[in-house]
Amino acid sequence: MPGAGHFSVGPVAALQYTLVHIDGFNERGSLLPLQIHADSQDSLRTDFGVRASYAWHVGGVLLIPSLTAAWEHEYLYSVLPINVGSPLSAGATATLFGPREGHDSAIINGGIGAPCRKTIAFGRPFRASSWWQKTRPSLHRSQIFRDL
């Protein structure tokens, strides 16, 4: 193994709250123009996991590969309801729902960095996400791999 290195492992935790407001609008030009009502949706997520990194000196360059694995839980968001109406429906409204997402996810982030000064660094991150959704009588799983 070239050069000397330092291995580091530690806990990670995150709390994220998001509030999204959707402005209302009216469609035009369709056979059944819809009136999309204004609404808001909020999300509260926590992440708990572990991060490992290794400071590796190769020649005169410091390389720092890292890997983070965490469990993410969503407490509020579920299906993003959207309320719609139409001038042709005599004031009746309907609620349409977006995709149902799972509330638990496994998050894996990794990358490699190369600091060239105390305030500047170059890196290449990646992220893999996998989430589960309980439905009767089975468990569904989706997965995403993404180059950030």
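The values are calculated or read from the model by the stated rules, or taken from the named source; none is laboratory data. These figures come from a predicted structure and were not determined experimentally. Positions of Cβ are generated from backbone atoms using ideal geometry, with glycine treated the same way; all protein chains shown enter the neighbour counts. All accessible areas refer to the heavy atoms of the entire protein, side chains included, with ligands and DNA or RNA removed. Shrake-Rupley method; radii C 1.70, N 1.55, O 1.52, S 1.80 Å.
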Only residues in region 42-62 that are farther than 30 Å from PRO81 by Cα and in contact (Cβ under 8 Å) with a residue 12 or more places away in the chain count as the first member; pair them with residues that are surrounded by 15 or more Cβ atoms within 10 Å (Cβ to Cβ) and aromatic (Phe, Trp, Tyr), Cβ under 9 angstrom, at least 6 apart or cross-chain, and list the lot. LEU62/TRP56
Scan (1) out of contact with any strand residue (DSSP E or B) (no Cβ under 9 Å at 6 or more places or on another chain); (2) open to solvent by 70 Å² or more (accessible area, probe 1.4 Å); (3) closer than 30 Å to CYS116 by Cα for the single condition VAL58 breaks and write down its number. (2)
What are the pairs, 6+ residues apart or on separate chains, where a residue within region 23-34 that is at negative phi and free of Cβ contacts under 8 Å to residues at least 60 places away in the same chain has its Cβ under 9 Å from a residue that is outside any loop (DSSP other than H, G, I, E, B) and surrounded by fewer than 11 Cβ atoms within 10 Å (Cβ to Cβ)? LEU32/LEU88; PRO33/LEU88
Looking at region 1-12 only, could you name the residues that are surrounded by 11 or more Cβ atoms within 10 Å (Cβ to Cβ) and at pLDDT 85 or above? SER8, VAL12
In region 36-84, which residues are among the basic types (Lys, Arg) and either over 18 Å from the mean Cα position of the chain (by Cα) or within 30 Å of ALA94 (Cα to Cα) (or both)? ARG45
Just to verify a result, which residue in region 97-113, among those that are open to solvent by 70 Å² or more (accessible area, probe 1.4 Å) and hydrophobic (A, V, I, L, M, F, W, C), is farthest from ALA14 (Cα to Cα)? PHE97
The condition from (1) at pLDDT 65 or above; (2) in a strand (DSSP E or B) that HIS140 misses is numbered (1)
Name the single residue that is farthest from VAL84 (Cα to Cα) among those in region 13-28 being open to solvent by less than 90 Å² (accessible area, probe 1.4 Å) and more than 16 Å from the chain's Cα centre (by Cα). ILE22
Of all residues making up region 69-96, the number that are surrounded by fewer than 16 Cβ atoms within 10 Å (Cβ to Cβ), at pLDDT 80 or above and polar (S, T, N, Q): 3
